[in-house]
Amino acid sequence: MPKKSKDGWCIATFAGGCFWGTELHYQRIPGVVSTCVGYTQGRVERPTYGEVCAGRTGHTEACQIIYDPKQVSYRTLCEKLFATIDPTLRDQVGRDYGTQYRHGIYAHSDEQLEDANAFVAAEQSKLPPGKMVVTEVKRATVFWPAEDYHHQYLQKGGRFGSSQSATKGCNDPVRCYG
């Protein structure tokens with residue numbers, strides 16, 4: 001998987017349940033140059049939203065991010081993911097259930113993999129005995145962009161036609177379905 005974009009920016013991939021909310025959270029971070037929602041870590045080429053939602057492809061909904069590491073660290077991006085999920089819930093984020101909603105950090109380089117594992121270990125150490133972080137930390141595999149209507153979905157109004165700000169630094173609550 002590529003480590004850098006054509007313009008030389010770093011690439012990262014995160015899954016945090018519904019990709020609409022995950023994307024909006026990352027769009028708001030200074031240093032994130034662009035986002036793309038899609039499907040990763042599965043076994044089918046060019047999966048569709050319907051196939052992924054049915055749980056037939058092994059993919060999870062994810063957001064691929066292009067970022068400037070001089071403005072935002074990879075650790076900060078990992079922290080944002082954990083701020084938006086409960087890393088101890090398997091195959092669930094909020095009201096979304098199923099393997100297609102599992103959360104994960106998918107590394108594009110050895111450095112990212114090392115940083116992600118260190119971050120997750122540190123988060124695990126904060127949990128009480130018996131609680132486990134179940135967020136996947138794996139190497140990134142092929143990322144298939146989602147159908148066009150999914151991109152910047154919440155910014156465009158979501159299901160209910162109420163657009164949400166993607167302005168850098170915005171702290172408004174993210175309403176996952178609009």
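The values are calculated or read from the model by the stated rules, or taken from the named source; none is laboratory data. Values in this document were obtained by computation on a predicted structure and should not be read as measured data. Neighbour counts run over all protein chains shown; Cβ positions are idealised from the backbone, glycine included. Side chains included, ligands, DNA and RNA excluded: accessible areas come from the protein's heavy atoms. Shrake-Rupley method; radii C 1.70, N 1.55, O 1.52, S 1.80 Å.
Please find, in a Gaussian network model of the chain (springs between Cα atoms separated by less than 10 Å), the residue of Gly58, Gly161, Gly98 whose mean-square fluctuation is greatest. The residue that fluctuates most here is Gly161.
For Lys168, the lysines whose Cα falls under 18 Å of its own Cα, not counting residues fewer than eight places away in the same chain, are Lys70, Lys80, Lys156.
Multiplying each eigenvalue of the alpha-carbon gyration tensor of segment 7-91 by 5 and taking the square root yields semi-axes of 24, 15, 10 Å, largest first, rounded to whole angstroms. Taking a Cβ cut-off of under 13 Å around Pro47, the surrounding Lys, Arg, Asp and Glu residues balance to a net charge of -1, with basic ones at +1 and acidic ones at -1.
In the chain, helices alone account for a calculated mean residue ellipticity at 222 nm of -7000 deg cm²/dmol, with every DSSP H run of four or more residues adding -39,500 (n - 2.57).
How large, in percent, is the carbon and sulfur part of the accessible surface of the chain at a probe radius of 1.4 Å? After summing per-atom areas, the C and S share lands at 52 percent. Other residues within the sphere of radius under 12 Å centred on the Cβ of Trp144, judged by their own Cβ, net out at -2 (K and R +1, D and E -1). For segment 51-94 versus segment 110-178, the spacing of their alpha-carbon centroids is 3 Å. Evaluated at q = 0.14 Å⁻¹, a Debye calculation over the C-alpha positions of the chain (equal weights, vacuum) places log10 I(q)/I(0) at -0.71.
Do any GluC sites (Glu not before Pro) in segment 1-87 lie in a DSSP loop with no more than 10 other beta carbon atoms within 10 Å, and if so, which?
Glu45
Placing unit charges on each Cβ (+1 for Lys and Arg, -1 for Asp and Glu) gives segment 89-164 a dipole about its Cα centre, and among Asn117, Val137, His103 the Cα reaching farthest toward its positive end belongs to His103.
In whole angstrom, segment 110-169 maps to an equivalent ellipsoid with semi-axes of 32, 18, 12, each derived as √(5λ) from the alpha carbon gyration tensor and ordered largest first. The charge dipole of segment 32-178, taken about its Cα centre with unit charges on the Cβ of Lys, Arg, Asp and Glu (plus for the first two, minus for the last two), comes to roughly 300 debye.
Considering segment 59-144 at the alpha-carbon level, its Rg and Dmax are found to be 13.0, 38 Å. Between Gln124, Gln152, Gln41, the GNM of the chain built on Cα springs shorter than 10 angstrom shows Gln124 fluctuating the most. For segment 111-178, the solvent-accessible area of protein heavy atoms averages 62 Å² per residue (probe radius 1.4 Å; ligands and nucleic acids excluded).
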